[in-house]
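Note sheet for the following structure.
No value in this document is a laboratory result; all are computed from the given coordinates. Keep in mind it's a predicted model, so treat the numbers as computed, not measured. Using ideal geometry, Cβ is built from the backbone for each residue, glycine included, and neighbour counts are taken over all protein chains shown.
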Amino acid sequence: MNIGFYMCLLLVPVFWLIALLMFLLKEKGAILMAGFNSMPRHEWDRYDRKRIAQDVQRQYGCWGLLFLAGAGLCLLVSGYLAIPVYGVWIVLFFKDVHLTAEKAFEKYRLG
C-alpha cells in the first residue's frame with residue numbers, strides 16, 4: 001500500500017474545490033480570506049478584492065498541481081516522495097503568512 005500516494009492525492013480535490021469556489025465567487029470570495037473578513041466593512045473598498053480572489057485561486061490551484069505531481073511521483077518512484085512534497089508545500093504556505101491583516105493585504109491596497 002502506497003500511503004504517500006494517497007496522502008498527496010487526498011489534497012488535490014480539496015485545493016481544487018477551493019480554487020473553483022474562488023473562481024465562481026470572483027471578488028466576493030475575498031471575504032472568505034482569514035484576516036480580510038475581520039477588517040471593518042468600510043475598509044474593504046480600499047483593497048482590490050478581485051485580485052485577492054484571483055491570487056488565492058491561483059495559489060490553491062498550484063498547490064493542487066503540486067500534490068497531483070507528488071502523487072504521480074509517489075506512484076512511479078516511491079511513497080517516501082510525499083515527504084518532500086509536503087515540505088515544499090509548507091514552505092509555500094508559510095511564505096504568505098503574515099502577523100497582521102494590513103501586512104497580508106498591503107499589496108492589494110488601492111491607491
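For TYR47, the residues whose amide H sits under 5 Å from its own are LEU110, ignoring neighbours fewer than 5 places away on the same chain, with H placed 1.01 Å from N. Among 26-39, 9-22, 95-108, sorting by the average number of other beta carbon atoms lying within 10 angstrom of each residue, highest first, gives 9-22, 26-39, 95-108.
Given the -39500 (n - 2.57) contribution per DSSP H run of 4+ residues, what per-residue ellipticity at 222 nm results for the chain, rounded to the nearest 500 deg cm²/dmol?
Working: 4 runs with 69 residues, N = 111.
Helix contribution divided over all residues of the chain: -21000 deg cm²/dmol.
Normalising the average separation of contacting C-alpha pairs (under 8 angstrom, six or more residues apart) by the number of residues puts the relative contact order of the chain at 39 percent.
Determine, for each peptide in 77-89, 49-61, the mean count of other beta carbons within 10 angstrom over its residues, then list the peptides with the highest first.
Details: 77-89: 15.2, 49-61: 18.2.
The densest-packed peptide leads the list: 49-61, 77-89.
Taking only complete DSSP H runs, can you tell me which helices of the chain stretch 30 Å or more along their own long axis by Cα positions and average at least 1.0 on the Kyte-Doolittle scale?
Details: long enough: 3-25 (34 Å, 2.61); 49-76 (40 Å, 0.34).
Counting only whole DSSP H runs, the qualifying helices are 3-25.
Work out the FRET efficiency for LEU21 and VAL97 from their Cβ-Cβ distance, taking R0 = 25 Å, and round it to the nearest 0.05.
Working: r = 21 Å, r/R0 = 0.83.
The formula returns an efficiency of 0.75 here.
Excluding same-chain neighbours fewer than eight residues apart, the aspartates and glutamates reachable from LYS107 by a Cα-Cα span under 15 Å are GLU43, ASP45, ASP48, ASP55, ASP96.
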